[in-house]
Every structure is written in C-alpha cells, then in structure tokens.
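Engineer: Shown below is the structure under consideration.
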Amino acid sequence: MTSAMHRPQDGTLLELRDVRTHFSTARGIVRAVDGVSFTLERGKALGIVGESGSGKTILARSIMGLLPKRGTIRQGEVLYAGDDLAKLDLKGMRKFWGQEMSMIFQDPMTSLNPLMKIGNQIGEPLRVHLGMDKENARATALKLLQDVKIPEPEKRLDQYPHELSGGMRQRAMIAIALACGPTLLFADEPTTALDVTVQAQILDLIQEQRRDRNMSVILVTHDLGVVAGHTDEIAVMYAGTLAEKATTAELFANMKHPYTEALLRSIPKLDQPSHTRLMAIGGRPPDLITPPTGCRFAPRCPYATEKCRTEIPVLESISAEHSFACWNPVGSSHWQSKQDELASNAGLASAGGQA
Amino acid sequence: MRYFAQRFLQLIVVFLIVTFVTMVAIQAASKDPARDLAGPLNSTEARVEEIRKHYHLDRAYPIRYAYWLKNLVTLDLGNSPTLGASVRTLVGQRAPITLLLGLYSIGLALILSLPIAVYAAYRRDGPFDRFVSGATFAAVSLPNIILAVLLGYFFATKWRIFPYAASKIWPWDDFGEHVRNVALPTITLAVGLIAIFVRLLRADLVNTLQSDFIVMARAKGLSPARILWRHALRSSLFSLMTSVALQFGGILGGAVVAEQIFALPGMGLLLFQAVQQKDLLVVQACAALFALAVVIINFIVDMLYAVVDPRIRHARALG
C-alpha cells in the first residue's frame, strides 16, 4: 500500500510546499516553521543548518510528522513520493515510520531504551514491521551491527545501552534506524553528544550507508563544518524560514546571505592563529511569537537597511542550484560599501588603541 | 550476590530490632506481665510466680528476648491463657487467611491499577484521566473503616451478594465460597491501594512518556500499545514497587479493621482480641509475624529493582 511500490529510484523523493508549523502556547502562537519549501532527490543528502531555535529540528519532525498533536498547527504540503504526509493521521504516519523513513536522534544515551538489550531494540522494528521471527531478527540485527562497524557486534546484541560507549551507542541507534531499509533518513544533530574524535566516523558512516542503500538523508545540525563534507545540498534556516539554499559546493564558494556568512565566521579555522577571537553573531534569535516585520535577520544584520526592516525578502533563485532571501546579499554594492566602512572603523579603532 | 547477602543481613537485623522493641513495648505497658499471662481469672500467687519463672519475666529485657527468640526458633511460643490454646496453633490457624487477604488486595489493586494508570497517562488530561484523578483522590480520603461499613451494608445486608459474617474457608476446600467470603475484606483493603498505585504509576508514566526514547520508539513506527506496555511501563515501575513494599505493613494494619467488620477469623481479629485481653504472647507472636512479612516483601521488592533495571544489577555487581 505505501509507496514501497512507487517510490522513485531517482528523481524527486520529497517536496515541501510552504510548510508551516506553529505551536499555540500560553504566550501566543509560536511560528517555529513559517513557510518552508524545497525538494530533495532520491539518494541525496540535504543539510539543514541553523542555530538553536531556528526551527531546524521542528522542520525535520514536521516532515516526519513526529510532533505532539496537542497545540501543534500544521499547514502546507509534505509530498513524499506523491503522498501528502501532512494529510495523514497518526495511524497513517505510522506505516511510514521505521520503514519508509526513520530518524537518528541527538543523544543516544537518552534515546535508546535503557532497559532493553541492544539486540532487541534493533530486532523490534524487524519483528513488528517485517514479521521476522526471533532468530531471524537476531541474525539481521547482528548483520546491521556489522554494517555500522561496531566492535564485537555479537557481544553487543545482549548488552544494554549503558554498557556501550557513546560512539557505539550512536552506531547502535543508526543500526535501529537502518533496520527496515528506509528510503529517507533523518539525522538530528547526530554527533553533537559525541566526542570530537568519533564525530567524523559517525558522519562518514551515515554517508556510506546512504550510498550503499540509495537513501536520501536530511542532516540537521548547527555546525556548517559538519555538513560541508557530508551533504549534496545545504539549506540555511533562520527563525523558521529558509535564508539560503544551494548545493554544498556552490554555497561555500558563493554564499549570499549575511546569516550564512556569519555562521561560517563563527567556526574556528585551522589556518587561523590559535586564540583568534571567533566572530559571534550579535544579538539573539528573534521571538517567534512576534517575528520582525521585514527580514527576520535584519535586527542582527550588519548590512540591514530600512527596506530590510520593512519588506520581507522572498527566496529567489540566482541559478538552478542556488537561491537566497536577502535584499543586500554578500557581494552587492551596499554590502561592499558597508564592508569598507566596517573595515575602516576597525582600522581606526586599532589605530586609536595604539596611540 | 554480594548485594543479595547484604540485603538479607539487613532483613534479619530489622526483624530483630522490630521484635525486640515490640516485646519491650508490650511488656512495659503491662502492670505485671506474669499476672496477665497467668490468665484473667483469679490465679494464685504461686501460679503467677511459676509463670514468671517459666517465661523468665524476672530477668532483664535482653535476656527475656533471647529466651523468646529461642522459643521462636523452636516454634514453642507458649500458651494463651484466654484462648486456651498454644500460641503456635492460634497463629498457625489465623495467619494464612490474613496473609492471603494481604496478597489478594495487592494483587487486585495491581491488576486494576496498571491498565487504569496506563490509559490515564496515555490520554493525559482527557476525560478519563480527569475522572480517575478525582476518583482516586476521593478513594484515598475515604477511611477504610467507613468503606467497609458501606460495602457491608450494600453488598451483604441489602443485596446479599456476599455473606456479612465471613467464615474461614480455604481456597483448596471450596474456591467459590472462599472468594465469596474474602471478597468484601479484600475490596475494603484494595480500594485505597488502587488509588495510591494509580496516582503514583500515572505520574511516573507521564514523565516517562516525555523521554527521548519514547520519541525514538514512535519514530520506529511502534503501536501505541507496544510503546506503552513494553517501553514506557517498565521504566515507570519504581515508585509503584516501592509503594507496594511500604504499603504492605499498612495492609496488615487494615486487615485488623476489615476482619473486625466482616468477622473474618484471621490474624487481625486474633490480634485485636489478644490486645484487649492482655494476651501478651499472642500479641508478640502476631507482631513478629507481621514484621517478618513486611521485611520479606521489602526484600523481594529490593531484588525486583535489579530484575527490572539492568543498570542497578550491574552497578551492584561492581560494588
């Protein structure tokens, strides 16, 4: 019944049309996701990047339909292989969960059931969805643990999450997510809770499995460095909307949105002298109950003009692989003059300091 | 294993302390324990002195206690002057029905409170949850003596569904009659327990249902029933288990009331009579048995924690 039959081997797998997710709270309506549209091809990896509170996690969970029913207002279309997931109720969604799409969560310590053996946690979707018997599920779970390259996989089947290291736990969670061969894999900050040394391994593993299984991956992260080597496309999110979307190579070569630029500047670089002060983005993400009237980034944007504060910029394409929503993008004449001004101010300040 | 031994030792120490304190309290409250033990009717001075010697009542409490313990081990706990039988026979006849009553009421309470709490937590703040919240609140504020009287009036006197004066019929003799006779006392004790169990379990479940691993279980596409019963319930059992252990002593106390009202000849009734007639040895034996039952239940629950949670098991194996 589900799209197992008609899901495409290539071409568009997922299309979002003006997706909005609002929460009604005591303080008012929180516009956590406010009009996001994009498409994702089969087998491709999309990074959704933004700081905390940008709505990236809510967007991922909106696509998957994993939000609490109470207080959630959803609009727009989520077309998955032609089915509009936004129209499905919980029962309809459940047929997709674990089979068509699955999710890797941020903290494997709290996301794995502490009272259940790893083998049973991996075997559970196999038995529930694929009707495997106990031995079969166990054998498949072992195979999956080998796929995710966990050391001593046989031993892990009968261990509990607290007996595993953080990296192994995350591998186990990936094994669970992969169990029923999903077409779309969400990874929500999959490496944030891990040691730096294992972060790259986990990201590489997700990449490798994506290629092997022809999956599409949506990688949610606050870290541009994480998406750089592990995605085909990047969507930069700010305050519930898309600020910029481009192929990964294009974005890093030719970023247009001042927010993307600011995000990149806030990452430490190896070629900088140590103790170089990182550029933090001034101010705080806007209140999503009463977002700014114009561009949502305007209050924090060094290049903002009057137009930015009153008119909402729309997401416009400059090429097939690049679109952004900004009135004064990086490289524009206004941006250039502002840059010069900032540079001369900085020069004056340092000169003043020396005098 | 070490944990097991530790808890077992603790069990014994608690039992000794409780029985010693009980003995001192009971005997200190009597003007002359030997005279009480000699019987209510005019006993001769010689008889009283004989009793005093026999039960070592002229010695200090620790020595008396040591003799009592020795008697306990040999199950020779003396005679009841008022009931004209040995303490062992009396307690042996009466104790099983009370222990059964305790187990039935806990069993009934668990069987009913699990699904009620699970459904209330699943549909949190829904009409069922609100009803349960109100009903359990009413139930905990209802003294069981009033509940017993109400149950007796409706189910026994008015509708005659259950016998009012219960008799002691063993389940292996006539199961149906046994159930009919213990039903009202069991319900009397179970109502308060259900209320407590439901409230504790629902609160823990509501917490568990907000954890990350429940979101993960949903993302795996599991059915709500599976998520609730297989994933959420097990993580939410700790308060409930603790409460079962703690409530057990209270249940035995409640049994005194329930047996009194429904005239069920259990240990509660025996204890009540013994206290009234200053039958010190019977009181001591009953108290010792109550203490033993409570201590054993607590021990079992301590072991169950480790069964339910592998983290406790492993921490203990290391420690």
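Residues checked against (1) assigned to a helix (DSSP H, G or I); (2) charged (D, E, K, R); (3) within 14 Å of chain A (Cβ to nearest Cβ); (4) closer than 30 Å to B:MET23 by Cα:
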| position | (1), (2), (3), (4) |
| --- | --- |
| B:GLU177 | yes, yes, no, no |
| B:ALA190 | yes, no, no, no |
| B:LEU228 | yes, no, yes, no |
| B:ALA245 | yes, no, no, yes |
| B:GLY249 | yes, no, no, yes |
| B:ALA255 | yes, no, no, yes |
| B:GLN260 | yes, no, no, yes |
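Engineer: Which residue is farthest from B:VAL282 (Cα to Cα), if the candidates are limited to region B:38-57 and must be among the aliphatic types (A, V, I, L, M) and out of contact with any Leu (no Cβ under 6 Å at 6 or more places or on another chain)? Lay out the reasoning, then the answer.
Structural biologist: Here is the first cut: in region B:38-57, the residues among the aliphatic types (A, V, I, L, M) are B:38, B:41, B:46, B:48, B:51, B:57.
Applying the additional criterion that residues be out of contact with any Leu (no Cβ under 6 Å at 6 or more places or on another chain) yields B:38, B:41, B:46, B:48, B:57.
Values: B:ALA38: 13, B:LEU41: 18, B:ALA46: 23, B:VAL48: 18, B:LEU57: 16 Å.
Restricting to residues being among the aliphatic types (A, V, I, L, M) and out of contact with any Leu (no Cβ under 6 Å at 6 or more places or on another chain), the top hit is B:ALA46.
Engineer: Would you please list the contacts, defined by Cβ atoms under 8 Å and residues six or more apart or on different chains, that run from a residue in region B:289-305 that is under 15 Å from B:GLN6 (Cβ atoms) and touching a residue at least 24 places away in the same chain (Cβ under 8 Å) to a residue that is of a type in the set (D, E, K, R) and part of a helix (DSSP H, G or I)?
Structural biologist: Every condition considered, the pairs that remain are B:PHE299/B:ARG7; B:ASP302/B:ARG7; B:MET303/B:ARG7.
Engineer: Also, quick follow-up: Would you tally the residues in region B:298-312 being facing chain A (nearest Cβ under 9 Å) and assigned to a helix (DSSP H, G or I)?
Structural biologist: Taking region B:298-312 and keeping what is facing chain A (nearest Cβ under 9 Å), we get B:308-311.
Keeping just the survivors that are assigned to a helix (DSSP H, G or I) gives B:308, B:310-311.
So the count comes out to 3.
Engineer: List, please: which pairs have Cβ atoms under 7 Å, are six or more places apart or on different chains, and start with a residue in region B:145-159 that is without any contact (Cβ under 8 Å) to a residue 24 or more places away in the chain and end with one that is of a type in the set (Ser, Thr, Tyr)?
Structural biologist: Close Cβ pairs (under 7 Å, with a partner that is of a type in the set (Ser, Thr, Tyr)) amount to B:THR157/B:TYR164.
Engineer: Quick test of your reading of the structure: B:ARG234 fulfils all but one of (1) closer than 29 Å to B:LEU69 by Cα; (2) in a helix (DSSP H, G or I). Name the failing condition by number.
Structural biologist: (1)
Engineer: Please state which of the following conditions A:ALA243 fails to meet, knowing it meets all the rest: (1) small (Gly, Ala, Ser); (2) touching a Phe, Trp or Tyr at 6+ places or on another chain (Cβ under 6 Å); (3) surrounded by fewer than 23 Cβ atoms within 10 Å (Cβ to Cβ).
Structural biologist: Here A:ALA243 meets the rest and fails (3).
Engineer: Report those helices (runs of 4 or more DSSP H) wholly inside region A:85-177 carrying at least 3 residues which are modelled with pLDDT of 95 or more and away from chain B (no Cβ under 13 Å). Steps first, please.
Structural biologist: Values: elements: A:90-94, A:108-111, A:118-130, A:134-147, A:153-156.
The qualifying helices (runs of 4 or more DSSP H) are A:134-147, A:153-156.
Engineer: Can you find, within region A:26-80, the residue that is farthest from A:ILE312 (Cα to Cα) among those that are of a type in the set (Ser, Thr, Tyr) and part of a strand (DSSP E or B)?
Structural biologist: That would be A:TYR80.
Engineer: Is it true that B:ILE169 is in contact with a helix residue (DSSP H, G or I) (Cβ under 6 Å, 6 or more places away or on another chain), more than 14 Å from chain A (Cβ to nearest Cβ) and surrounded by fewer than 21 Cβ atoms within 10 Å (Cβ to Cβ)?
Structural biologist: Values: in contact with a helix residue (DSSP H, G or I) (Cβ under 6 Å, 6 or more places away or on another chain): yes; more than 14 Å from chain A (Cβ to nearest Cβ): yes; surrounded by fewer than 21 Cβ atoms within 10 Å (Cβ to Cβ): yes.
In short, yes.
Engineer: What number of residues in region A:285-315 are in contact (Cβ under 8 Å) with a residue 12 or more places away in the chain and in a loop (DSSP other than H, G, I, E, B)? Please lay out each step first, then the result.
Structural biologist: Quick first cut of region A:285-315, residues in contact (Cβ under 8 Å) with a residue 12 or more places away in the chain only: A:285-286, A:288-297, A:299-305, A:307-313, A:315.
Among the residues that remain, those that are also in a loop (DSSP other than H, G, I, E, B) are: A:285-286, A:288-297, A:301-305, A:311-313, A:315.
Residues that pass the stated criteria total 21.
Engineer: Follow-up. Residues being aliphatic (A, V, I, L, M), over 16 Å from B:ILE227 (Cβ atoms) and either at pLDDT below 95 or over 23 Å from the mean Cα position of the chain (by Cα) (or both): count how many of those fall in region B:107-137. Step through it out loud before you land on a result.
Structural biologist: Going residue by residue through region B:107-137, those that are aliphatic (A, V, I, L, M) are B:108-112, B:114, B:116-118, B:120-121, B:132, B:135.
Next cut, over 16 Å from B:ILE227 (Cβ atoms) only: B:108-112, B:116, B:132, B:135.
Keeping just the survivors that are either at pLDDT below 95 or over 23 Å from the mean Cα position of the chain (by Cα) (or both) gives B:132, B:135.
The total comes to 2.
Engineer: Is it true that some residue in region B:49-71 is at pLDDT below 85, part of a loop (DSSP other than H, G, I, E, B), surrounded by fewer than 19 Cβ atoms within 10 Å (Cβ to Cβ) and of a type outside the set (Ser, Thr, Tyr)?
Structural biologist: Keep residues of region B:49-71 that are at pLDDT below 85, which gives none.
No, there is no match, as no residue in region B:49-71 is at pLDDT below 85, part of a loop (DSSP other than H, G, I, E, B), surrounded by fewer than 19 Cβ atoms within 10 Å (Cβ to Cβ) and of a type outside the set (Ser, Thr, Tyr).
Engineer: Any residue that is more than 18 Å from A:HIS322 (Cα to Cα) and of a type in the set (Ser, Thr, Tyr) - is there at least one of those in region A:224-240?
Structural biologist: No, because not a single residue in region A:224-240 is more than 18 Å from A:HIS322 (Cα to Cα) and of a type in the set (Ser, Thr, Tyr).
Engineer: List the number of the failed condition for B:LEU184; all other conditions in (1) of a type outside the set (Gly, Ala, Ser); (2) assigned to a helix (DSSP H, G or I); (3) within 22 Å of the chain's Cα centre (by Cα); (4) within 30 Å of B:TRP229 (Cβ to Cβ) hold.
Structural biologist: Single failed check for B:LEU184: (4).
Engineer: Then there is this: Looking only at region A:149-166, decide whether some residue is among the basic types (Lys, Arg), without any contact (Cβ under 8 Å) to a residue 12 or more places away in the chain and farther than 16 Å from A:VAL217 by Cβ.
Structural biologist: Kept after step one, since they are among the basic types (Lys, Arg), are these residues of region A:149-166: A:149, A:155-156.
Adding the requirement that they be without any contact (Cβ under 8 Å) to a residue 12 or more places away in the chain leaves A:155.
Still in the list and also farther than 16 Å from A:VAL217 by Cβ: A:155.
Yes, region A:149-166 contains a residue that is among the basic types (Lys, Arg), without any contact (Cβ under 8 Å) to a residue 12 or more places away in the chain and farther than 16 Å from A:VAL217 by Cβ.
Each row is one residue, and each column tells you yes or no for (1) within 11 Å of B:LEU280 (Cβ to Cβ); (2) without any contact (Cβ under 8 Å) to a residue 12 or more places away in the chain; (3) not in a helix (DSSP H, G or I).
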{"residue": "B:GLN6", "(1), (2), (3)": "no, yes, no"}
{"residue": "B:LEU11", "(1), (2), (3)": "no, no, no"}
{"residue": "B:PHE15", "(1), (2), (3)": "no, no, no"}
{"residue": "B:THR22", "(1), (2), (3)": "yes, no, no"}
{"residue": "B:GLN27", "(1), (2), (3)": "yes, no, no"}
{"residue": "B:ARG35", "(1), (2), (3)": "yes, no, no"}
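Engineer: Hey, can you tell me all the residues within region A:67-80 that are surrounded by fewer than 19 Cβ atoms within 10 Å (Cβ to Cβ), of a type in the set (A, V, I, L, M, F, W, C) and within 16 Å of A:TRP97 (Cα to Cα)?
Structural biologist: Those that are surrounded by fewer than 19 Cβ atoms within 10 Å (Cβ to Cβ), of a type in the set (A, V, I, L, M, F, W, C) and within 16 Å of A:TRP97 (Cα to Cα): A:LEU67, A:LEU79.
Engineer: Would you pick out the residues in region B:197-224 that are within 11 Å of chain A (Cβ to nearest Cβ) and part of a helix (DSSP H, G or I)? I'd like the intermediate steps shown before the answer.
Structural biologist: Residues of region B:197-224 within 11 Å of chain A (Cβ to nearest Cβ): B:208-224.
Those that are within 11 Å of chain A (Cβ to nearest Cβ) and part of a helix (DSSP H, G or I): B:THR208, B:ASP212, B:PHE213, B:ILE214, B:VAL215, B:MET216, B:ALA217, B:ARG218, B:ALA219, B:PRO224.
Engineer: What single numbered condition from (1) of a type in the set (S, T, N, Q); (2) buried (at least 19 other Cβ atoms within 10 Å of the Cβ); (3) free of Cβ contacts under 8 Å to residues at least 12 places away in the same chain fails to hold for A:SER111?
Structural biologist: (3) is the only condition that A:SER111 fails.
Engineer: For region A:231-261, which residues satisfy the criterion of being β-branched (Val, Ile, Thr) and touching a His at 6+ places or on another chain (Cβ under 8 Å)? Please lay out each step first, then the result.
Structural biologist: As a first pass, look at region A:231-261 and keep what is β-branched (Val, Ile, Thr): A:231, A:234, A:236, A:241, A:247-248, A:260.
Scanning region A:231-261 gives A:VAL236, A:THR247.
Engineer: If the requirement is being out of contact with any Cys (no Cβ under 7 Å at 6 or more places or on another chain), within 30 Å of B:MET303 (Cβ to Cβ) and among the polar types (S, T, N, Q), which of these qualifies: B:THR74, B:THR44? Talk me through it step by step, then tell me what you get.
Structural biologist: Values: B:THR44 fails: within 30 Å of B:MET303 (Cβ to Cβ).
The match here is B:THR74.
The values are calculated or read from the model by the stated rules, or taken from the named source; none is laboratory data. Note that the structure is predicted; figures quoted are calculated from it, not measured. A quick note on method: Cβ atoms are made from the backbone with ideal geometry, for glycine too, and the neighbour counts reach across all protein chains shown.
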